[in-house]
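The values are calculated or read from the model by the stated rules, or taken from the named source; none is laboratory data. The model shown is predicted, which means the values in this text are computed figures rather than measured ones. FYI the Cβ positions are ideal-geometry reconstructions off the backbone, even for glycines, and counts take in every protein chain you see.
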Amino acid sequence: MQVVTLIASYLQVPLRYPLRFGGSRSYIRDYAPSIEPSSSDLISSSSVSTNSRPVEFPLFLEGQDSTRAAYAVFLLNKVCFFILPLHIQLSPCKSV
């Protein structure tokens with residue numbers, strides 16, 4: 001995950017889904033989640049609005065809901081697929 005952040009920094013591309021590093025307990029943030037927040041998310045914020053804080057999804061399975069972890073991996077893949085075409089566009093063309 002740190003590699004993704006370094007590549008995005010090198011290419012000067014802001015990450016749509018920022019990462020919060022914590023070693024083996026890292027999270028990815030989604031500002032507009034497309035899944036229902038968990039009960040712990042609802043307790044921490046009394047009202048859900050469009051300007052609410054981002055929801056963090058765990059990039060690890062231990063002690064977490066597997067659906068939330070799977071969604072986190074999905075978001076990480078979206079970040080990678082966004083950065084990859086930018087890298088290809090910046091690469092010099094080689095003729096065969």
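General remarks:
- For the range 9-28, a tally of residues being within 19 Å of ASN77 (Cβ to Cβ) and modelled with pLDDT of 90 or more returns 7.
- Which listed residue is of a type in the set (Phe, Trp, Tyr) and either modelled with pLDDT under 80 or surrounded by fewer than 10 Cβ atoms within 10 Å (Cβ to Cβ) (or both), from PHE74, PHE81, PHE60: PHE81
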